[in-house]
Amino acid sequence: MRFSKKELAENHARLIARNDVYRRAGYDTGKDMRFVVSKTLPLKGRILEVGTGKGRFLTALLGRVPFVTTVDLNAEEQRFARINVAYRKPGGRARFVVADARRLPWRDGSFDAVVSMNALHHMPQLARVLGEIRRVVRSGGKVVLADFNRRGFAVFDRIHRREGRVHERSKYKLADVVKYFEESGWRVASFKGDCQDVVVARKRAS
Ligand SMILES: C[S@@+](CC[C@H](N)C(=O)[O-])C[C@H]1O[C@@H](n2cnc3c(N)ncnc32)[C@H](O)[C@@H]1O
């Protein structure tokens, strides 16, 4: 897919302007991204990202790994992510798939790692999504799930309120995600950042 110079520049300007809004409200996109990426790496082999969005996390990952498959329900959001990747040229390549994380179109054990950032709170049927993530990771593989913590949500709720909108989100707890993987027999660690928390779960080799 090719994009015009105008499209590339306009999309980039929109992202930068948005990052500025976030920074003024107390969320440093770069700092939190570095934190999440540091807890996500190392990544090897076949990697699936769930919830492409505008491709911020994807672009950061593609600066560190050669290939990522990324899935999102919303083709329009993925188009922004494609433009973001085309603008930034991070090095790695992405395969964009439009699909529902509640029914991932891959066989059991298809990926060495599944990762996601700031997307789970947009998925009200989280148990189904977690079930699918668990299913598509091979034994010995890992899952990294990062999302806003209480401070992060407070910042984003405030931004949305100021803009006369509501930050639609399902109110799940990352602790429930930890419990879910522990009860599945995985080894789990969690990390607290400024506005993000991260869960890293490893499936035992069978
Ligand atoms: C805030 S964005 C994710 C941000 C993105 N990871 C980034 O770093 O820029 C959340 C995304 O989750 C997607 N989403 C919500 N429910 C989904 C589902 N059931 N399956 C796949 N994607 C879903 C939305 O379409 C949206 O693009």
In the neighbourhood of HIS121 defined by beta carbon distances under 9 Å, the net charge of the other residues (Lys, Arg +1; Asp, Glu -1) is 0
Kindly state, to the nearest 0.05, the FRET efficiency for VAL98 paired with PHE191, given R0 = 30 Å and r defined as their beta-carbon distance.
-> 0.45
Rounded to the nearest 20 debye, dipole of region 5-202 from Cβ charges on Lys, Arg, Asp, Glu | 360
When ranked by the protection proxy of mean other Cβ atoms within 10 Å per residue, highest first, what sequence do the peptides 35-44, 140-149, 171-180, 77-86 form?
-> 140-149, 77-86, 35-44, 171-180
Label points 7 Å out from Cα along the Cβ direction at HIS167 and SER38: separation in nm?
-> 2.3
Between beta-carbons, use under 13 Å as the cut-off and find the net charge around ARG151, counting Lys and Arg +1, Asp and Glu -1.
-> -2
Counting Lys +1, Arg +1, Asp -1, Glu -1, what net charge surrounds ASP28 among other residues with beta carbon under 10 Å of its beta carbon?
-> +1
Got a sec to turn the phi values of region 166-182 into Karplus ³J(HN,Hα) couplings, 6.51 cos²θ - 1.76 cosθ + 1.60 with θ = phi - 60°, whole Hz, x for Gly and Pro?
-> 10, 7, 5, 7, 8, 8, 9, 10, 4, 4, 5, 5, 4, 4, 4, 6, 4
Among the GluC sites (Glu not before Pro) in region 161-206, which ones are in a DSSP loop with at most 14 other Cβ atoms within 10 Å of the Cβ? Mind listing them?
-> GLU163, GLU168
Determine Rg/Rh for the chain; Rg is computed over alpha-carbon atoms and Rh is the Kirkwood hydrodynamic estimate from the same atoms.
-> 0.95
Kindly write out, for region 120-127 in residue order, the coupling ³J(HN,Hα) from the Karplus curve 6.51 cos²θ - 1.76 cosθ + 1.60 (θ = phi - 60°), rounded to whole Hz, with x marking Gly and Pro.
-> 4, 6, 8, 10, x, 8, 4, 4
For region 55-206: lysine pairs with Cα atoms under 21 Å, gap of 8 or more or different chains, count?
-> 10
DSSP beta bridges in the chain [antiparallel fraction, %, rounded to 5] | 40
Kindly write out, for region 80-96 in residue order, the coupling ³J(HN,Hα) from the Karplus curve 6.51 cos²θ - 1.76 cosθ + 1.60 (θ = phi - 60°), rounded to whole Hz, with x marking Gly and Pro.
-> 4, 5, 4, 5, 4, 5, 5, 6, 7, 6, x, x, x, 10, 10, 10, 9
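Every number in this text was worked out from the coordinates using simple rules, so none of it is lab data. In this text, all values refer to a predicted model and were calculated from it rather than measured experimentally. Positions of Cβ are backbone-derived with ideal geometry, glycine not excepted, and every protein chain shown enters the neighbour counts.
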